[in-house]
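The values are calculated or read from the model by the stated rules, or taken from the named source; none is laboratory data. Just so we're clear, the structure is a prediction, and the values are computed from it rather than from any experiment. We place every Cβ from the backbone using ideal geometry, glycine too, and count neighbours over all the protein chains shown.
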Amino acid sequence: MIIGVLAAVFASLAYGVSSVLQAYGARQSHDRAVERGETGIATDTGGPTLRSTVLAMLTVAFIVGTVLDVGGFVGSAISARLVPLFLSQTVVSANLIVTAILGIVVLGIRLHMRDWIAIAVVIGALCALGLAAKEDPHAGETWAFHWGLLAATVVLFAASLGLIRWLGSRAAVAAGLCAGVLFGAVAIAVRVLDGFDPFDPVTILTDPAMYALALSGVGGFYLHTVALQLGSVNGATAALVVGETVVPGVIGVVLLGDKTQPGLAWLAVLGFVAAVCGAVAVAWSGAAEASAPTQSDDTPAASRG
């Protein structure tokens, strides 16, 4: 289980750094487009167009951040296969703490006492989860679960696109939550995907979970980029943390056989709730907005999925 925890820590570090770079790239692209007087960068309701989102993805900072995202995904995938989802996803969600700390060193962001308290709570909660989690939690899931996961991913992504288009410039929180749930679906898909042991490419490519993984990964990445472009409504980052942590954590326990050490279920529940609340507190306070020169409501959010 140590390898799985270390992989989650690596993913958290990679995602935390990439958040700063991606948010900077998104804001840089938007500012340059406005300075040049370009049109077609916003929809009628004020949301970003597909063109503006692609331009944001093509900035140097965003590309470097994306490379780190790939590394973070590998670490997250390894962790999802080796430890319970309520542990792996909670550790990964601590990337908000990494972003907040990085903001002090690189961007001069000032943390308040409540932020340090929240960070301490998250660290303590992760230690509690590590003590309570049971190694090798895998349980056999049905083939119907794989198809259900794919269907749910398609419906969620389609509904998310419609929702953010309808909300326009007000869609930051919704985009963050939808991106978080899709990133959670990535972890679930990686967990149940067949064909790894023993390795069988045909089995992997014929598993519906593989296509749920691909769609949720691309969809979550796109919605996360949209949230970064829309600016930093503080709740957007908190919503992403909740989506990518709570959903897979609950599904792992209810449907995938994730277990705790005998007699330590209460510690796992306490640690899980404390970690999510602590991460949300950091995000809500604006401390995770590491890409912003000031902590105002008009700056882009520095959050990952």
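Looking at the stretch 130-156 only, could you name the residues that are in contact with a strand residue (DSSP E or B) (Cβ under 9 Å, 6 or more places away or on another chain) and at pLDDT 80 or above?
ALA132, ALA133
Assigned to a helix (DSSP H, G or I) and in contact with a Pro (Cβ under 7 Å, 6 or more places away or on another chain) - does that describe any residue in the stretch 60-69?
no
State all residues of the stretch 166-207 that are surrounded by fewer than 21 Cβ atoms within 10 Å (Cβ to Cβ) and either within 14 Å of THR153 (Cα to Cα) or touching a Ser or Thr at 6+ places or on another chain (Cβ under 6 Å) (or both); if no residue qualifies, say none.
Answer for the stretch 166-207, where residues must be surrounded by fewer than 21 Cβ atoms within 10 Å (Cβ to Cβ) and either within 14 Å of THR153 (Cα to Cα) or touching a Ser or Thr at 6+ places or on another chain (Cβ under 6 Å) (or both): GLY168, ASP194, GLY195.
Please name all residue pairs, on different chains or six or more residues apart, with Cβ atoms under 7 Å, provided the first residue is in the stretch 85-109 and is modelled with pLDDT of 85 or more and the second residue is outside any helix (DSSP H, G or I) and buried (at least 24 other Cβ atoms within 10 Å of the Cβ).
From residues that are modelled with pLDDT of 85 or more, the pairs are LEU85/ASP258; PHE86/ASP258; LEU87/ALA133.
Looking at ALA159, is it modelled with pLDDT of 80 or more and surrounded by 20 or more Cβ atoms within 10 Å (Cβ to Cβ)?
no
Return the residue satisfying two criteria in turn: it lies in the stretch 40-52 and is surrounded by fewer than 20 Cβ atoms within 10 Å (Cβ to Cβ) and among the hydroxyl-bearing types (Ser, Thr, Tyr), and of such residues it is modelled with the highest pLDDT.
THR49
Inside the stretch 184-224, can you point out the residues that are among the hydroxyl-bearing types (Ser, Thr, Tyr) and assigned to a loop (DSSP other than H, G, I, E, B)?
Once the filter is applied, which keeps residues that are among the hydroxyl-bearing types (Ser, Thr, Tyr) and assigned to a loop (DSSP other than H, G, I, E, B), the stretch 184-224 yields only THR206.
Test ALA80 against the stated conditions and say whether it is modelled with pLDDT of 85 or more and buried (at least 19 other Cβ atoms within 10 Å of the Cβ).
yes
Inside the stretch 251-268, can you point out the residues that are modelled with pLDDT under 85 and in a helix (DSSP H, G or I)?
Across the stretch 251-268, the qualifying residues are VAL253, VAL254, LEU255.
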